[in-house]
Amino acid sequence: MRKYAIIGVGHVGATIAYTLVCKGIADELVLIDTNVGKARAEQLDLQDAQARLDSRTIIKINDYQELADTDILFITSGNIHALDHASGNRWAEFEYTQHIVQAIAPQVKATGFNGVVIDTMNPCDAITHYFQRATGLSRQQVFGTGTFLDTARMQKVVAEVFNCDPKNISGYVYGEHGESQFSAWSTVQVNGIPITTLVDQYHLDLDELEAEARHGGWAVHSGKGYTSFAIATCAVKLSEAVLADARLACPVSAYNETFGTYVGQPAIIGKHGVEQVTKLALTATEQAKFQNSAKTIIEKFHAFDEALGLESADERQQA
């Protein structure tokens, strides 16, 4: 029995639900949203599709107690309109998503949920960290989509230059799921060939490619008012890696012991969530960018803590 739950059935949550049901990935699916009418409507719409699918999914709504035996929990709530005038700043949602976590974390914790949590909420790294801390779940169990999507955008941009399939582009985008992220070009290969050896031959401007990939989400948002398909695809793929214990090597927002924060980095995803964080040999410039991105997340996260009169578990231990 593969049991999934989604908290927040807006654009992303509903797309994840549709994907899980249509692909026959979930045997049971729980939809939770403060807008009961929306949750009920999504349930009915998905149930109406069942007679035309080759699989069957039991769909329930708005019952936190169902999380007690849930395998995968997606947290996808947010206020997308906060980004309408944010000029590329995902932190604009933090004012809203921090309060959402304050509301849902105690309810999740009360159920005894002990599965794996995949966060898509923005700002992804900070919210993932806050949710993990608020629920008391392990850092292994809780991770965010992070730069998994940003890496896919980098793969698309590079693939277009070389007229190849994006899956033939390997490598990673590191750091914040936000403006301080960066493409670690030392890790990127095109059809197995390091991209750094192709710069002169193809007259590549790596800074320009990086900027195009970083702003890809905003190009989508400016056209349709939100993003949904790509991030939902990333979230579902990560969940499948967990249930299959695939030990998938990919970038996610995972806790970094060195920096003391969740941040986008390569990791191995398996049945327990983040099985391990992969440390690759970055160039000195890339390492500096990685440290700077983590610092950006920490500073903004601590500012949030101070505003609420909170302190981190690490700070309490030090005291």
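Where a number appears in this text, it was derived from the coordinates with a stated rule and is not lab data. Everything numeric in this text was worked out from a predicted model, so none of it was measured. All Cβ positions, even for glycine, are placed from backbone atoms using ideal geometry, and neighbour counts span all protein chains on display.
Tell me, what is the percent relative contact order of the chain, built from C-alpha pairs under 8 Å that lie six or more residues apart? Show your work: numbers first, answer last.
Numbers: 598 pairs, mean separation 52.4, N = 319.
Reported relative contact order: 16 percent.
Using a ≥ b ≥ c from the Cα gyration tensor of the stretch 3-144 (square roots of the eigenvalues), is it rounded, prolate or oblate, where a/c under 1.5 gives rounded and otherwise the larger of a/b and b/c decides, a/b for prolate?
Values: a/c = 1.96, a/b = 1.33, b/c = 1.47.
Oblate is the answer for the stretch 3-144, as a/c is 1.5 or above yet b/c matches or exceeds a/b.
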Once you put a point 7 Å from the Cα of residue 302 and another 7 Å from the Cα of residue 186, both along the Cβ direction, what distance in nm separates them? 2.7
Nearest-ten-degree value, helix 36-49 long axis tilted from longest Cα axis of the chain: 80
Cα-Cα longer than 25 Å, checked against 3/271; 109/271; 271/300, kept in input order, equals 271/300
Please list the non-local residues whose amide H lies under 5 Å from the amide H of residue 188, H modeled 1.01 Å from N, same-chain partners needing a gap of 5 or more. 172, 195
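Taking 0.36 nm per intervening residue step and subtracting the Cα-Cα distance, what contour gain separates residue 54 from residue 257 on full extension?
Working: separation 203, 0.36 × 203 = 73.08 nm, distance 4.43 nm.
Residue separation times 0.36 nm, minus the Cα-Cα distance, leaves 68.7 nm.
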If you line up the long axis of helix 148-162 against the longest principal axis of the chain, both from Cα atoms, how many degrees apart are they, to the nearest 10? 40
Counting other beta carbons within 10 Å of each residue's own, what order do 247, 52 fall into, fewest first? 52, 247
In debye, nearest 20, what is the charge dipole magnitude of the chain about its Cα centre with +1 on Lys and Arg Cβ and -1 on Asp and Glu Cβ, if you could check? 640
Which shape class applies to the stretch 89-180: rounded if a/c is under 1.5, otherwise prolate when a/b exceeds b/c and oblate if not, where a ≥ b ≥ c are the square roots of the Cα gyration tensor eigenvalues? prolate
Please report 234, 164, 124 as a ranked list, fewest other C-beta atoms within 10 angstrom at the top and most at the bottom. 164, 234, 124
How large is ³J(HN,Hα) for each residue in the stretch 123-128, as worked out from phi by the Karplus curve 6.51 cos²θ - 1.76 cosθ + 1.60 (θ = phi - 60°), to whole Hz, x for Gly and Pro? x, 4, 5, 5, 5, 4
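With +1 on each Lys and Arg Cβ and -1 on each Asp and Glu Cβ, how big is the dipole of the stretch 81-203 about its Cα centre, in debye rounded to the nearest 20?
Numbers: 7 positive and 11 negative charges, 90 e Å.
For the stretch 81-203, the charge dipole is close to 440 debye.
Stretch residue 208-residue 165 to full length: gain in nm at 0.36 nm per residue minus the Cα-Cα span? All intermediate terms of the calculation are to be shown ahead of the outcome.
Details: separation 43, 0.36 × 43 = 15.48 nm, distance 2.01 nm.
Result for the pair: 13.5 nm of gain on full extension.
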How far, in degrees from 0 to 90, does helix 229-243 lean away from the longest principal axis of the Cα atoms of the chain, to the nearest 10? 80
When ranked by the protection proxy of mean other Cβ atoms within 10 Å per residue, highest first, what sequence do the peptides 61-69, 131-139 form? 131-139, 61-69
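What is the order of 97, 296, 258, fewest Cβ neighbours within 10 Å to most?
Ordered by Cβ neighbours within 10 Å, fewest first: 258, 296, 97.
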